[in-house]
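Below is one structure; the comments refer to it alone.
The values are calculated or read from the model by the stated rules, or taken from the named source; none is laboratory data. Keep in mind the model is a prediction, meaning the values are calculated, not measured. For neighbour counting, all protein chains shown are included, and Cβ atoms are generated from backbone atoms with ideal geometry for every residue, glycine included. In case anyone asks, the SASA skips ligands and DNA or RNA and just uses the protein heavy atoms, side chains included. Shrake-Rupley method; radii C 1.70, N 1.55, O 1.52, S 1.80 Å.
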Amino acid sequence: MLARVYQRLLTDARNELTYPALLAGLSFGLSVDDAGFELQLGGYTDKQEELLGAVLDGFTTLPLDPAKFALYQ
């Protein structure tokens, strides 16, 4: 359950970054199952590395806002 909450928090936090990426033809999806996190990238391969770096950076630097945390529980 905590992994799903963290996935929602990370996806929400990355919206500011991923919306312009979506307009530029890139996409990402982050899901959780029993084995862990699954990250999917799509779109132009020349920019996927930058998007991947930004998303993975969020895994380690995501500030946890108590109000957002309570929203996704």
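Suppose we keep only residues that are aliphatic (A, V, I, L, M) and in contact with a Leu (Cβ under 9 Å, 6 or more places away or on another chain) within region 1-11. Which one would you say is surrounded by the most Cβ atoms within 10 Å (Cβ to Cβ)? It comes out as Leu9.
For region 12-54, a residue qualifies if it is open to solvent by 100 Å² or more (accessible area, probe 1.4 Å), outside any helix (DSSP H, G or I) and among the polar types (S, T, N, Q), and exactly one does: Gln40.
Taking into account only those residues within region 55-73 that are assigned to a helix (DSSP H, G or I) and under 10 Å from Val5 (Cα atoms), which is most open to solvent (accessible area, probe 1.4 Å)?
From region 55-73, those assigned to a helix (DSSP H, G or I) are 55-61, 66-72; that's our starting set.
Imposing the further condition that a residue be under 10 Å from Val5 (Cα atoms) reduces the set to 68-72.
Working: Lys68: 73, Phe69: 68, Ala70: 65, Leu71: 118, Tyr72: 53 Å².
Result: Leu71.
Every residue, every condition in (1) out of contact with any Cys (no Cβ under 7 Å at 6 or more places or on another chain); (2) modelled with pLDDT of 90 or more; (3) of a type in the set (Phe, Trp, Tyr), yes or no:
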position: Ala3; (1), (2), (3): yes, no, no
position: Tyr6; (1), (2), (3): yes, no, yes
position: Leu17; (1), (2), (3): yes, no, no
position: Gly42; (1), (2), (3): yes, yes, no
position: Asp57; (1), (2), (3): yes, no, no
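Going by the structure shown, is Ala24 aliphatic (A, V, I, L, M) and within 16 Å of Val5 (Cα to Cα)? Against the criterion (aliphatic (A, V, I, L, M) and within 16 Å of Val5 (Cα to Cα)), Ala24 does not qualify.
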